[in-house]
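Asks: If you scroll down you'll find the structure; I have some questions about it.
The values are calculated or read from the model by the stated rules, or taken from the named source; none is laboratory data. Note that this is a predicted model, so its numbers are computed, not measured. We place every Cβ from the backbone using ideal geometry, glycine too, and count neighbours over all the protein chains shown.
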Amino acid sequence: MNAVKPWYLSKTIWASAVTFAVSIVGLLGFSAETIDQQSLVESVMQIVTALAGLIAIVGRFNADSRIS
C-alpha cells in the first residue's frame, strides 16, 4: 500500500462522510410530514448509517493505496 491517491477518491472517506451527514440530519430532527415521520426517518437513517459503515469497512480492507 505505497501508492498515494487524492482524498476524494477514498471510499473510506466518502462512507465516513455519509455516516457523519446522516448523524447530523438525525440530530437536526429531519422529518417527513406526509408519512409516519418518526418511523420513516429512523428507518432510513439506520439503513443509510449501516450501509455507510459497511462500505467504510469493506473499502478499508480493499484499499490498495494510501490517501494524501
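Asks: Take the residues of the range 7-23 that are of a type in the set (S, T, N, Q) and within 22 Å of Asp64 (Cβ to Cβ): which is surrounded by the most Cβ atoms within 10 Å (Cβ to Cβ)? Before the answer, list the steps.
Replies: If we filter the range 7-23 for residues that are of a type in the set (S, T, N, Q), which is where we start, we get 10, 12, 16, 19, 23.
Applying the additional criterion that residues be within 22 Å of Asp64 (Cβ to Cβ) yields 10, 12, 16.
Working: Ser10: 20, Thr12: 18, Ser16: 16.
Per the stated criteria, the residue is Ser10.
Asks: Is it the case that the range 3-19 has a residue that's modelled with pLDDT under 80 and outside any helix (DSSP H, G or I)?
Replies: yes
Asks: Kindly list the number of the only condition in (1) surrounded by 14 or more Cβ atoms within 10 Å (Cβ to Cβ); (2) modelled with pLDDT of 80 or more that fails for Ala50.
Replies: So Ala50 meets the others, but not (1).
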